[in-house]
């Protein structure tokens, strides 16, 4: 067995990019799609790329490499959950006004089939099922390169004013 190494490059994720606090969530996500804003640090680590953003809907592509495999050579379930959480959260992000944040309350993932390298890339299509001022709900599915649904999820998100967020006053 040969030892491998991977190097991950990401932009500083310690805070919002300057000037983005005036953007609505949809404007923000569209700038990520266009490349004007970077992917999140976790997105870079998990090989995620936001490929589309519309009101209440986001699609995220994942191209896993060997570092994302489990011991039997299939894509690790944690990566699938990260893909789903990122896409569902992105869909919620498109529905919030400027100055608003959100965080996952829960996620329920159903893994439908194993994913092997030859079935990549993966695309998660996510949509908001019920937006809200305090709580939002979203769902999505991951489809492999063959067009087969390999996982689904539902999730609940807490919505809050950024000035009330967890990083304020800490």
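Brief remarks on what is shown
- Enumeration of residues in segment 48-73 that are over 15 Å from residue 88 (Cα atoms) and touching a helix residue (DSSP H, G or I) at 6+ places or on another chain (Cβ under 7 Å): 64, 68
- Close pairs from segment 41-56: first in contact (Cβ under 8 Å) with a residue 60 or more places away in the chain, partner part of a helix (DSSP H, G or I) and surrounded by 16 or more Cβ atoms within 10 Å (Cβ to Cβ), Cβ under 8 Å, at least 6 apart: 51/33; 56/91
- Output for segment 81-97, where each listed residue is part of a loop (DSSP other than H, G, I, E, B) and either more than 13 Å from the chain's Cα centre (by Cα) or surrounded by fewer than 23 Cβ atoms within 10 Å (Cβ to Cβ) (or both): 95, 96, 97
- Checked against (1) over 19 Å from residue 141 (Cβ atoms); (2) touching a residue at least 60 places away in the same chain (Cβ under 8 Å), residue 20 meets all criteria but (2).
- Test: residue in segment 8-23 that is modelled with pLDDT of 90 or more and farther than 17 Å from residue 127 by Cα: yes
- Among the residues of segment 103-134, those that are more than 13 Å from the chain's Cα centre (by Cα) and crowded, with 21+ Cβ neighbours inside 10 Å comprise 115, 128.
- Residue match in segment 84-103 (condition: out of contact with any helix residue (DSSP H, G or I) (no Cβ under 8 Å at 6 or more places or on another chain), touching a residue at least 24 places away in the same chain (Cβ under 8 Å) and over 15 Å from residue 40 (Cβ atoms)): no
- Looking across segment 135-156, the residues that are without any contact (Cβ under 8 Å) to a residue 24 or more places away in the chain and either farther than 20 Å from residue 61 by Cβ or surrounded by 14 or more Cβ atoms within 10 Å (Cβ to Cβ) (or both) come down to 137, 141, 143.
- Scanning segment 32-69 for residues that are touching a strand residue (DSSP E or B) at 6+ places or on another chain (Cβ under 9 Å) and in a helix (DSSP H, G or I) gives 32, 33, 42, 43, 68.
The values are calculated or read from the model by the stated rules, or taken from the named source; none is laboratory data. Quantities reported herein were computed from a predicted structural model and do not represent experimental measurements. Backbone-built Cβ (ideal geometry, glycine too); neighbour counts: all protein chains shown.
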